[in-house]
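Structure first, then comments.
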Amino acid sequence: MFPSLMVSVKPTLQSKEYTASVCSKMRSELDKELKKVLQLPPNELTEWLIQQGLIRAEQKCHTHLDSNYQPIPFQLGIYSDSSKFPNSGGYVWVSECCGQRHLSVFAGSIFEGVPHTPKTILKLIYHWACQTSTTNIAQWVHVTMNYIKTFHTAMRAVCIASVHEKLKGLGGDKKDVEVAIMTLGTSSNDGRLKQVKVEILGVLDQEKNIVRLFAAEPPQKILGAATSAKRDYRQILRPLADWVDKRSVIVTDLSIDRNYLLELGFPSVKQSTARSDFVLRIVEYLSSSIPRSFQNVLPALNRPLIQQYLDEISWREAFGPSPLQAFKNFVIHLAEITKLELGCKKG
Ligand SMILES: [Zn+2]
């Protein structure tokens, strides 16, 4: 078993609205919809994928340009003998400029060049959205653990892109944004010695229930330095400048030196002075929900991999509180990426 497959990412911030019964009702709605799609013949499935934007609705030749120096669009064709392109039900892109050159309808999509049919890939997206256990996915969809690992890495890449694109400018004019830092570490068998693996910066938009998380290497202890030496918060707090609207009120505890917040351009800081003062939800989140996700696998993960999962957590909290929403929003976000014109020779 790959350690990365043992991280369990469960959205909890919106759990009040998404009770188990609401989620299972939405789940069966999703099951019904997907079942219909999986029963489509390959040509109709291709049409459905184009409608969803999961495969591209246009392709252009970048080698030959038209008289206005624009890339020449390919024509979508369908072979009456669908056995020629069985996975697409006969659909294929044809370029006339390149002498009837064929381009797969899956070019530039998540279905391109994979060892599985589009239906299998759709099932894998579905199980990723529903967070089916990996052993069950392997059995039900007939794919290897190694393939699931690779596939889930691709799923996370979509989450990372969407989170960076969509979850910024948290807070707003006089809106509260909670900020806290927590260490994530491992303990020895006797449960005593704790080795800090990473430090996590947690940022919570109180009103919208959006969370952003950043994993940083723990500060190096300098030999001989006084233990009371002031630490430098610049590195770990740096993402705040991108994530949070400067007009927000930063609500934090004593884990952060407020001078660094002022330095980053946040003039409005509310800091708890005593434990009883106010309770930060982000502290609760960082100390319970986050360690639970990485239970037992933390020693096998490095900082970049932990960061990938933190972004997946942010994505699921914002876009996938239930399997139905996770699937639908994932399809929308994947379609946005599929549409991007990559590898253009001319800008
Ligand atoms: Zn061409």
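The values are calculated or read from the model by the stated rules, or taken from the named source; none is laboratory data. Keep in mind that what you see is a predicted model, and the values were worked out from it rather than measured. Here the Cβ positions follow ideal geometry from the backbone for every residue, glycine too, while neighbour counts run over all protein chains shown. The protein model used for the area step is the full one, side chains on, heavy atoms only, and it has no ligands, DNA or RNA in it. Shrake-Rupley method; radii C 1.70, N 1.55, O 1.52, S 1.80 Å.
For region 252-262, filtered to residues that are modelled with pLDDT of 90 or more and surrounded by 13 or more Cβ atoms within 10 Å (Cβ to Cβ), the residue that is farthest from Glu207 (Cα to Cα) is Tyr260. Only one of the numbered conditions (1) open to solvent by 50 Å² or more (accessible area, probe 1.4 Å); (2) farther than 24 Å from Gly171 by Cβ; (3) aliphatic (A, V, I, L, M) is violated by Val297, and that is (1).
Among the residues of region 42-62, just one is closer than 16 Å to Glu112 by Cβ, among the hydrophobic types (A, V, I, L, M, F, W, C) and either within 16 Å of the ligand (Cβ to nearest atom) or open to solvent by 60 Å² or more (accessible area, probe 1.4 Å) (or both), namely Ala57.
Residue count for region 32-46 satisfying the condition of being without any contact (Cβ under 8 Å) to a residue 40 or more places away in the chain and farther than 15 Å from Val331 by Cβ: 4.
Among the residues of region 142-153, is any open to solvent by 20 Å² or more (accessible area, probe 1.4 Å) and part of a loop (DSSP other than H, G, I, E, B)? Looking for residues that are open to solvent by 20 Å² or more (accessible area, probe 1.4 Å) and part of a loop (DSSP other than H, G, I, E, B), one finds at least one in region 142-153, hence yes.
Would region 267-288 turn up any residue that is in a helix (DSSP H, G or I), closer than 21 Å to His164 by Cβ, open to solvent by less than 60 Å² (accessible area, probe 1.4 Å) and of a type in the set (S, T, N, Q)? Looking through region 267-288, none of the residues is in a helix (DSSP H, G or I), closer than 21 Å to His164 by Cβ, open to solvent by less than 60 Å² (accessible area, probe 1.4 Å) and of a type in the set (S, T, N, Q). When Met1 is tested against (1) closer than 26 Å to Thr120 by Cβ; (2) within 16 Å of the ligand (Cβ to nearest atom); (3) open to solvent by 50 Å² or more (accessible area, probe 1.4 Å), exactly one condition is not met: (2). Within region 188-206, is even one residue touching a Pro at 6+ places or on another chain (Cβ under 8 Å) and at pLDDT below 90? Checked against the condition, which is being touching a Pro at 6+ places or on another chain (Cβ under 8 Å) and at pLDDT below 90, region 188-206 yields at least one hit.
With the structure loaded, tell me whether Ile160 is under 21 Å from Phe106 (Cα atoms), in contact (Cβ under 8 Å) with a residue 40 or more places away in the chain and not assigned by TED's automatic domain parsing to the domain that holds Leu254 or whether it fails that test. When the stated conditions are applied, Ile160 does not pass them.
Looking across region 9-40 at every residue that is of a type in the set (S, T, N, Q) and part of a helix (DSSP H, G or I), the one that is nearest to Tyr126 (Cα to Cα) is identified as Ser28.
When region 63-105 is examined, which residues are found to be open to solvent by less than 40 Å² (accessible area, probe 1.4 Å), outside any loop (DSSP other than H, G, I, E, B) and within 16 Å of the ligand (Cβ to nearest atom)? Within region 63-105, Pro71, Gly77, Val92, Trp93, Val94, Ser95 qualify. Scanning region 158-171 for residues that are of a type in the set (A, V, I, L, M) and within 15 Å of Phe319 (Cα to Cα) yields Val158, Ile160, Ala161, Val163, Leu167.
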